[in-house]
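The values are calculated or read from the model by the stated rules, or taken from the named source; none is laboratory data. Just so you know, these numbers come straight off a predicted model, no measurement behind them. Reconstructed Cβ throughout: ideal geometry from the backbone, glycine too, with neighbour counts over all protein chains shown. To get the accessible areas, we keep the full protein, side chains included, count just its heavy atoms, and leave off ligands, DNA and RNA. Shrake-Rupley method; radii C 1.70, N 1.55, O 1.52, S 1.80 Å.
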Amino acid sequence: MLKVGSPSGVRTSTSCNSLLKELQQIWTEIGESEADKDRMLLDLERECLAVYRRKVDEAANTKARLHQSVATKEAELATLMAALGELNIQPMKKKATTLKDQLMLVSPVVEDLKLKREERMKQFSDMKAQIDKISVEISGYSHLVSSGATLESEEQDLSLRKLTEYQTHLRALQKEKSERHQKIMEYVNEVHFLCGILGLDFSKTVSDVHPSLHTTSLEQSINISDSTLEGLEQAILTLKTERKVRFQKLKDIVASVLELWNLMDSTREEKRNFTRIISISSESEIVEPESLSMEIIQQASAEVERLTKLKASRMKELVMKKRSELEEICRKTHIEPDSNTAAEKSIAMIDSGLVDPCELLSNIEEQINKAKEEASSRKEIIDRIERWLSACEEENWLEDYNLDHNRYSAGRGAHINLKRAERARITINKIPAIVDSLTMKTVAWENERRKQFLYDGARLVSILDDYKLTRQQKEEAKKRYRDQKKLQDLLLTEKESIYGSKPSPRRSPSFRKTNGYHANGNGSMTPTPRRNSVGCATPELLTPRSYSGRQNGHFKEMRRLSTAPLNFVAMGKEDIISFSSVCGSEPGSPPQS
């Protein structure tokens, strides 16, 4: 008989016992033997064991499946937690609970993490799509791997840290895209500006770089790839180079136009059409549209061609004008002009056809340039010569002024002449230093350029040497006069001591005349040309002006500065009167104060 220990087993055993009794009673009534009864009970017990064993196996299988389910859920939970970075989730405590309870605790957590994973993957997918799109726009290549395949290889890491990295990358790409877009717009604006100045087709220029730069479609965005940026940079470089070439070409044309205008004495009406072109002095000032267009350059070239033809018809007049300009420069700088291009000779050569007028004009222009360069190098010396000549003129004036016996009168303007005389004395004292400094400068100039410094055809050093020699002779004559005067005074004193003094001879009426001065209307006295006293030899101080009058008759203004034999600046009034008496004239005494 089966024995079961559980309460349900007791009820089952009671029921089995009653059924067994009923089965034995039936077997008795049938007349089964004890051996058959035992055999049949053994079979029945064997069948019962088989049923129990099957149930136990089924229960064991169910338990194993539950264990597997729980393990699978826990593994899935661990994978999801690792992928999502949720390491702080504790779905269950390992307590004495059944497998079904454990499964019921894990399953909801797994489902929640699955939903969270789907949402996270969608975020990654959207962000990856944006990254890929911007990357394509920046690189210009569209054959990138699809976002789904990329996420398949990266779905093991769906954590917030990875999401933050994607967001940072996306923001960096968006910023780069914005900067590229702004840079491209700046390039496009610069291309538009340059095309406007050069008169080129802006649409064609930018379309050659990329069609999207001048598209009117709202669906197509502006290409911001590296190739587009490089294309715009190259286009700007090309346009700037073209602008520079055209500006230089226009500048050369303008220089020719200005030169021809000056030669042709063009009217203001002829110049009006080119006022805007002429006013351009630097490349940075060109901002107006079509300022350097080919049409403008062609117009300027046509003006040069027109003026060139006009120049050919007026070549003789232009040669004379340039020759006059050369002579004027040479006159101001005291340089001998080239006699081969003299006016009469040039006209004769042009009329005879022996020389090309253009070649002759070019030769004269070359001489003008050389004369200007020469004038620039001679400027300092010429300024010093003018200072020296001015001092010589002051010396000449002072000597005339000292011969005037009325110079101390109280007439109108007398104080002006007195002040001028004082300034003249100061200036005259500087003449030796001026001459020495001028000589040193001239010698240095000649050594540097290995040629002589000519002043109206004469060497300036020779003029200065002659001037210093003449001035030395003048000083010696003044010294001899003073020695003679002292001897005369000594003899006169001895004679008076022996014979007694005699009355002064009667003054000649001529001495009362103003000697060498005339009134100029304002009360001051202006010296008139001096005449040498009868019987007095007058040495001559040669200045560049007087020297050039001897050496060269080219300029009409050349004159000679002559001075009296003595410098009366340092002489007293009595010396002047005595010297005049010795030379044959007797100026009147100054008025007594």
Where a residue in region 391-419 is under 20 Å from residue 429 (Cα atoms) and its partner, wherever it lies, is open to solvent by 40 Å² or more (accessible area, probe 1.4 Å) and at pLDDT below 85, with Cβ under 6 Å and at least six apart: 400/530; 403/515; 417/525
Selected residue (criterion: modelled with the lowest pLDDT) from residues of region 147-158 that are surrounded by fewer than 16 Cβ atoms within 10 Å (Cβ to Cβ) and more than 13 Å from residue 129 (Cα to Cα): 153
Filter pass, residue 173 being closer than 27 Å to residue 293 by Cα, open to solvent by less than 30 Å² (accessible area, probe 1.4 Å) and either in contact with a helix residue (DSSP H, G or I) (Cβ under 7 Å, 6 or more places away or on another chain) or charged (D, E, K, R) (or both): no
Those residues of region 45-90 which are farther than 20 Å from residue 113 by Cβ and in contact with a helix residue (DSSP H, G or I) (Cβ under 8 Å, 6 or more places away or on another chain), in sequence order: 63, 66, 67
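So which of 484, 452 ends up being in contact with a strand residue (DSSP E or B) (Cβ under 7 Å, 6 or more places away or on another chain) and either over 22 Å from residue 371 (Cβ atoms) or loosely packed, with under 15 Cβ neighbours inside 10 Å (or both)?
Numbers: 484 fails: in contact with a strand residue (DSSP E or B) (Cβ under 7 Å, 6 or more places away or on another chain).
Sole residue among the options that is in contact with a strand residue (DSSP E or B) (Cβ under 7 Å, 6 or more places away or on another chain) and either over 22 Å from residue 371 (Cβ atoms) or loosely packed, with under 15 Cβ neighbours inside 10 Å (or both): 452.
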The lone exception for residue 211 - which of (1) in contact with a Lys or Arg (Cβ under 9 Å, 6 or more places away or on another chain); (2) at pLDDT below 85; (3) not charged (D, E, K, R) it fails: (1)
Any hit, region 400-407, residues being of a type in the set (Lys, Arg) and either in contact with an Asp or Glu (Cβ under 9 Å, 6 or more places away or on another chain) or at pLDDT below 85 (or both): yes
Total residues in region 287-309, condition out of contact with any helix residue (DSSP H, G or I) (no Cβ under 6 Å at 6 or more places or on another chain) and within 24 Å of residue 355 (Cα to Cα): 4
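Yes/no per residue for (1) more than 30 Å from residue 176 (Cβ to Cβ); (2) modelled with pLDDT of 80 or more; (3) polar (S, T, N, Q); (4) open to solvent by 80 Å² or more (accessible area, probe 1.4 Å):
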site: 65; (1), (2), (3), (4): yes, yes, no, yes
site: 69; (1), (2), (3), (4): yes, yes, yes, no
site: 93; (1), (2), (3), (4): yes, no, no, yes
site: 108; (1), (2), (3), (4): yes, yes, no, no
site: 121; (1), (2), (3), (4): no, yes, no, no
site: 132; (1), (2), (3), (4): no, yes, no, no
site: 163; (1), (2), (3), (4): no, yes, no, no
